Amino acid sequence: DGSPSSSSNSNDLGRSTKKRWTVLELGAGLGLCSAVAAKHGMNVVSTDNDSAALALLKDNLRRNRIRNDDDDHRRPRSPPRAHVHSLDWVATADDPLAESSHPVFSRLESPDDGGDDGDGGADLILLSDVIYGATKPAWSALLTLLCKFRAQRRRIRSAKRGGNSNDEDRGDNDGDNDDNDDPLVLLGYTQRRRDMSPRDEALFFAMVREAGMEVALVPSTSIPNGEKYLLTSLFRLRWVG
């Protein structure tokens, strides 16, 4: 059965931390999630692969008074700010050197512009309405990318602890790492597209499980005003094993 389970463990969604979170949005489109995260003072890396979408993304951030890399750099630490990059899921997933050469991975290595309020790597990965018919050929690449971003964060955190992590290519749960070393992955999915059949939905969630992750539906009762205003389903994707 490829359908997700329901989760009552909503406490995991509110990790307590004093540092600024680093948020990575994949398939950002107009960047609503990125804009909200930036307005809340988070380090934001916002990505898309469509050139027209990237132009609209940057323009929308400016309209919301959020600076991006194309704007004036005289005050590089002035919040709110989001870094916008192009990210091709398939090409990057297939590139064995992506973690050492791609601009998104480089940005995540030091997401806070040289400050000391971030550990490096993505704390939170957002996927908002990116699962539909047109993206189906890239679903496998997307899951590979999630594992690459997970491996980067685990490597960085292991190094900060003085450990010796060599699982950056595998995304394993070996060594002295724990669940807190993994990024929190949230998927917003709206069942409204005619090009997504129930079979397609089940296929995607089955692929997630085959990639070593469990899928849990986040109850609307655990989201502020969720029961009244939430029009999409929110899922947590978490590595297991």
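Laboratory data are not the source of any read-out in this text; all were calculated from the coordinates shown. Computed from a predicted model, the values in this text were never measured in an experiment. Here Cβ is always computed from backbone atoms with ideal geometry, including for glycine, and neighbour counts include all displayed protein chains.
Under 14 Å from the 7 Å Cα→Cβ point of Ser220, by amide nitrogen: which residues of region 182-201? So the set is 189-191. Return the lysines within reach of Lys19: Cα separation strictly under 28 angstrom, same-chain partners fewer than 8 residues apart disregarded; answer none if there are no such residues. Those lysines meeting the cut-off are Lys39, Lys58, Lys148, Lys160. The slack in the chain from Ala159 to Asn64, taken as 0.36 nm per residue of separation less the alpha-carbon distance, amounts to 30.5 nm. For region 80-160, the square roots a ≥ b ≥ c of the C-alpha gyration tensor eigenvalues yield an a/c of 1.5 or more together with a/b exceeding b/c, which makes the shape prolate.
Eigen-decomposition of the gyration tensor built on the alpha-carbon atoms of region 120-162 gives equivalent ellipsoid semi-axes of 28, 11, 4 angstrom, largest listed first. With 0.36 nm allotted per residue and the present C-alpha distance subtracted, the Ser101-Met207 stretch has 35.4 nm of extension available.
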